[in-house]
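Data block below; observations after.
The values are calculated or read from the model by the stated rules, or taken from the named source; none is laboratory data. Given the structure is predicted, the values throughout are model-derived calculations rather than measurements. When we count neighbours, we look across all protein chains shown, and the Cβ atoms used for this are built from the backbone with ideal geometry, even at glycine. We work out accessible area using only protein heavy atoms, side chains counted, and drop any ligands, DNA or RNA first. Shrake-Rupley method; radii C 1.70, N 1.55, O 1.52, S 1.80 Å.
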Amino acid sequence: QFSHPIPTMATSILILNQRGKTLIQRAYRGSLLASSAVDVFVRRVIQNVDDVEEIPPIFQAGAYNYFYIRQKDIYFVAVSVSNVNALLIMKFLDVLIGVLKEYFLSVEEESIKDNFVLIYELLDEMMDNGYPQYTETKILKQYINQAEAHQIAPATIPEAVTGVTSHRPQGIVHKKNEVFLDVIEKGNVIMEADGKVIQSDVSGSIMMRSALSGMPELKLGLNDKVLLNKIREAKGRSGRKHGPRSVEMDDVRFHPCVRMGRFESNRTISFIPPDGEFQFMEYRVDSTVPPLFHIKCQIEEFPGSRIEYLIKIRSRFRKKSTANKVTVTVPVPEDGDTPSCKASGGKVKYSPEENALKWTFGNFSGQKQYIMRGHIGMPSIKAERDNTMSKAIDVAFEMPYFTLSGIKVRYLKITEKSGYKALPWVRYITRNGHYQVRMNKGWNIKRGGNRAGLSDQKVDISSL
């Protein structure tokens, strides 16, 4: 016997319009919610009477817990009366919105009203007694479809609903059997104005597109540190010199198709993939990763006259590699005018709608460095612009055939009872995540006097 009651899930799912009118309400535990419970949500979120600040997406009011996601002018709301897994409910609401988009293309009040019967059917299949069930759109479309209105036709329940492989139906056939893997990583870096790295980590995902016939069994091998250490121990080896570089991944999350029992016992990644494109895996690497771009900035303000900027960017990856679509966005004051910029490489332009200088490169080779000088005219009457100085320089880029963490696909084995041969394809891409350089440290903001500005001085690049 349990000493505490098992937490239940959602009591009701509601869909409301921007006026707070209930379009859909599906009760999973007992009768419909009392109108007073719905009125609390409408008053606190939609009408925002009780609180001036924005209401968080999860809050408690009285005996009810509310969870909601706003999609344009539509509110998707889940309500519970007990302690529940909040993230699971929020994920379900997000998946529900995605399923409706695949059915109706756009989720609007009109499309919800026109298809309310279909939506109730979907809610009945996607959640049972308040617990999420089948959320794969391809499976749902096999027996819940937008046929001619209200015609009753015999239908067979897909084997995927009753079998162990709920995410993949039987009888899939492709003329050419292939599977594509995209390993996508995002570098998250925060640097001081002097180039000192404050924070650095990598978030990654593996996207998969499966075009395989039948019911294939796949095994994926990565240079996972835990797995490679086990292999080396079994062979009586130690040290990196005996094998490839390994990566220690944190917060690994897989698609439900992965057999987690095998992964937890021996780190084997085996699965039967869904058909089509899906996110196979997410991970994070906490170990400090050297930034691909090293940036330093110096700002000099001449009160009532102008603000001058001196920015240096240097690539730190190998010479043979190239980064594409590199953009350095430097925020400037809103009341600035008459911008003037020049750079030793790339193109610089003033973007008034973003209040920023945009320094762009079509491609940026490894071990290269460039300098940009610019100034923005300021009105003679001094305005408050501390907010501008507290903003950060944003860096955007994309780098093919490269991963920051060093993760590699060692093998992808495909086995199917018919014995066909399939081709696996792997692609690596690294992009910027939260990649910023702070501007708010006192050392890099100088107050000018009656002396030459930065643009009139000879600057030693190595000293920046």
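Quick look at the values:
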| read-out | value |
| --- | --- |
| So E233, is it at pLDDT below 90, of a type in the set (D, E), at negative phi and assigned to a strand (DSSP E or B) | no |
| Of all residues making up the stretch 270-296, the number that are closer than 22 Å to S365 by Cβ and hydrophobic (A, V, I, L, M, F, W, C) | 4 |
| When residues of the stretch 107-130 are limited to those that are assigned to a loop (DSSP other than H, G, I, E, B) and in contact with a helix residue (DSSP H, G or I) (Cβ under 9 Å, 6 or more places away or on another chain), the one surrounded by the most Cβ atoms within 10 Å (Cβ to Cβ) | V107 |
| Looking only at the stretch 18-47, and only at residues there that are under 15 Å from V81 (Cβ atoms) and part of a helix (DSSP H, G or I), the one that is most open to solvent (accessible area, probe 1.4 Å) | S36 |
| Qualifying residues in the stretch 415-438 (those that are open to solvent by 60 Å² or more (accessible area, probe 1.4 Å) and of a type in the set (S, T, Y)) - the one farthest from K391 (Cα to Cα) | S418 |
| Check on V247, under 29 Å from the mean Cα position of the chain (by Cα), β-branched (V, I, T) and at pLDDT below 80 | no |
| Test: residue in the stretch 312-330 that is more than 22 Å from M399 (Cα to Cα) and touching a strand residue (DSSP E or B) at 6+ places or on another chain (Cβ under 7 Å) | no |
| Inter-residue pairs, beta-carbon under 9 Å, first at pLDDT below 55 and in the stretch 154-179, second assigned to a helix (DSSP H, G or I) and open to solvent by 100 Å² or more (accessible area, probe 1.4 Å), 6+ apart | A160/K138 |
| Restricting the stretch 261-289 to residues that are aromatic (F, W, Y) and within 16 Å of the chain's Cα centre (by Cα), the residue that is surrounded by the most Cβ atoms within 10 Å (Cβ to Cβ) | F280 |
| Counted residues, the stretch 99-127 - those being under 20 Å from the mean Cα position of the chain (by Cα) and within 21 Å of T11 (Cα to Cα) | 1 |
| Members of the stretch 323-340 that are in contact with a Phe, Trp or Tyr (Cβ under 7 Å, 6 or more places away or on another chain) and buried (at least 20 other Cβ atoms within 10 Å of the Cβ) | A323, V326, V328, V330 |
| Any hit, the stretch 53-73, residues being outside any helix (DSSP H, G or I), polar (S, T, N, Q), farther than 15 Å from S12 by Cβ and more than 24 Å from the chain's Cα centre (by Cα) | yes |
| Number of positions in the stretch 351-367 that are open to solvent by less than 50 Å² (accessible area, probe 1.4 Å), at positive phi and at pLDDT 90 or above | 0 |
| Residue in the stretch 305-316 that is closer than 27 Å to P400 by Cβ, without any contact (Cβ under 8 Å) to a residue 60 or more places away in the chain and either open to solvent by 10 Å² or more (accessible area, probe 1.4 Å) or assigned to a loop (DSSP other than H, G, I, E, B) (or both) present | yes |
| F293 being touching a residue at least 12 places away in the same chain (Cβ under 8 Å), closer than 30 Å to T137 by Cβ and surrounded by 15 or more Cβ atoms within 10 Å (Cβ to Cβ) | no |
| Qualifying residue in the stretch 256-267 (condition: part of a strand (DSSP E or B), modelled with pLDDT of 90 or more and in contact with a Ser or Thr (Cβ under 8 Å, 6 or more places away or on another chain)) | yes |
| Test: residue in the stretch 54-70 that is farther than 29 Å from L140 by Cβ, free of Cβ contacts under 8 Å to residues at least 40 places away in the same chain, surrounded by fewer than 17 Cβ atoms within 10 Å (Cβ to Cβ) and among the acidic types (D, E) | yes |
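Conditions tested, residue by residue: (1) crowded, with 17+ Cβ neighbours inside 10 Å; (2) under 27 Å from F280 (Cα atoms); (3) touching a strand residue (DSSP E or B) at 6+ places or on another chain (Cβ under 9 Å).
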{"site": "N85", "(1), (2), (3)": "no, yes, no"}
{"site": "L88", "(1), (2), (3)": "no, yes, yes"}
{"site": "K91", "(1), (2), (3)": "no, yes, yes"}
{"site": "G98", "(1), (2), (3)": "no, yes, no"}
{"site": "Y103", "(1), (2), (3)": "yes, yes, no"}
